[in-house]
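*Asks:* Below you will find the structure I want to go over with you.
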């Protein structure tokens, strides 16, 4: 009697970017508790308050990054850049590159502890590496070399750039497309064409010279989506409210920092809903009704101070020089991981304005490191040389820096009831002097 053939039938998920994704090759990795939890962690944190469709998850993004990396790696095998073993490991690393994210993604990340040995990495990167280490069995069940995946996660193996490069990594291209689709209903032009012309040469990523325009377009789109989505005023204020509530949950003993890293969005908001902490109760009530704090004072780069849209609202805008803006951006007391430092400033502002402490919220400047224009290497096939996009288009990179600067803002916010009081010119000037140290 002949043996019946075994059919390795596909197991597919539907994706709005790529269509059908077959996850059968990595099913043991997909079925882990940690990966499934990504399905309840919003990709864009608090952006859903501005864009109702922005409820897509880290799970959807990770599957998208996996699919895009799988296609890139298969193409690289044909071109001789990598072997089959490296290609499989690249796809596995892409699937798990974000597995260490906590609830609401980057929003609560600053409040999470960093695992031992991960001090040189981001919180997400360090915890992703930790989870990868615990998932050796599942990774190997997929026929993937565990050591290669781990070396990519630690950035020891330069192939990690295929996934995590700041310009051309498959995970970045995926989130730009995915986030754009669910927020401003647009996607960067020519991404599919660009993907097919990304190479791995001498340990670095490089693009074919024929897709230079596509790479420039992608960097411009990155700035566009930062302005319209990631740095949206409403999202920034809601993010700070969420961080403040989480900080007080930890102080009240409702959740520990070690527990925080393992919570999903629903679990964290559930704790907020039933906490006895009065400040969290009040802020969560506002958040649930989308009655967010309002901007009353804004400190912006001097040449962009008039950009702030007032439209008859009680807002006082101060223009500050480059030195002051840089000082505010780098001040350790205003960094999101230092919630106590930010709250001390809020208390001082409340005292100056004569407001209840619970009605002042400071939204500091987002780290400027994200806006530094990263160079892209160009592979010139005839001479097999690597050229610099920055060297060829210096004005493009100058424009990136200038546009990014226009987005920077240090905001003092309050509830609508006290907005007019906080924005009074004399009070606002005293607060400006306090914040800037002048």
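The values are calculated or read from the model by the stated rules, or taken from the named source; none is laboratory data. This is a predicted model, so every value here is computed, not measured. Here the Cβ positions follow ideal geometry from the backbone for every residue, glycine too, while neighbour counts run over all protein chains shown.
*Asks:* Of all residues in the stretch 212-261 being free of Cβ contacts under 8 Å to residues at least 40 places away in the same chain and outside any helix (DSSP H, G or I), which is surrounded by the fewest Cβ atoms within 10 Å (Cβ to Cβ)?
*Replies:* The selected residue is 253.
*Asks:* Ok, one more. Quick one: which of 411, 421, 390 is farther than 24 Å from residue 314 by Cα, surrounded by 13 or more Cβ atoms within 10 Å (Cβ to Cβ) and at pLDDT 95 or above?
*Replies:* Exactly one residue qualifies, and that residue is 390.
*Asks:* Among the listed residues 332, 298, which satisfies the condition of being surrounded by 15 or more Cβ atoms within 10 Å (Cβ to Cβ), within 27 Å of residue 405 (Cα to Cα) and outside the structural domain of residue 126 (by TED's automatic domain parsing)?
*Replies:* Selected residue: 298, the only one of 332, 298 that is surrounded by 15 or more Cβ atoms within 10 Å (Cβ to Cβ), within 27 Å of residue 405 (Cα to Cα) and outside the structural domain of residue 126 (by TED's automatic domain parsing).
*Asks:* Check whether at least one residue in the stretch 39-56 is out of contact with any helix residue (DSSP H, G or I) (no Cβ under 7 Å at 6 or more places or on another chain) and over 22 Å from residue 199 (Cα atoms), and report yes or no.
*Replies:* Within the stretch 39-56, one or more residues are out of contact with any helix residue (DSSP H, G or I) (no Cβ under 7 Å at 6 or more places or on another chain) and over 22 Å from residue 199 (Cα atoms).
*Asks:* Given (1) at pLDDT 95 or above; (2) under 20 Å from residue 409 (Cβ atoms), identify the lone condition not met by residue 264.
*Replies:* It is condition (2) that residue 264 fails.
*Asks:* Continuing with this model, one more query. Go over the candidates 178, 187 one by one and state the one that is farther than 27 Å from residue 269 by Cα and either over 15 Å from the mean Cα position of the chain (by Cα) or outside the structural domain of residue 412 (by TED's automatic domain parsing) (or both).
*Replies:* It is 187.
*Asks:* Still on this structure: Select from the stretch 299-321 the residues that are part of a helix (DSSP H, G or I) and within 22 Å of residue 420 (Cα to Cα) and write down the one among them that is modelled with the highest pLDDT.
*Replies:* 305
*Asks:* Let me ask something else. Scan the stretch 279-294 and tell me whether some residue there is modelled with pLDDT under 95 and touching a helix residue (DSSP H, G or I) at 6+ places or on another chain (Cβ under 6 Å).
*Replies:* Let us first name the residues in the stretch 279-294 that are modelled with pLDDT under 95, namely none.
Within the stretch 279-294, none of the residues are modelled with pLDDT under 95 and touching a helix residue (DSSP H, G or I) at 6+ places or on another chain (Cβ under 6 Å).
*Asks:* Which of the residues belonging to the stretch 158-185 are in a loop (DSSP other than H, G, I, E, B), surrounded by fewer than 20 Cβ atoms within 10 Å (Cβ to Cβ) and on the phi < 0 side of the Ramachandran plot?
*Replies:* 165, 166, 184
*Asks:* Turning to a different aspect of this structure: Keeping to the stretch 360-376, report how many residues are over 29 Å from residue 400 (Cα atoms) and without any contact (Cβ under 8 Å) to a residue 60 or more places away in the chain.
*Replies:* Residues that pass the stated criteria total 0.
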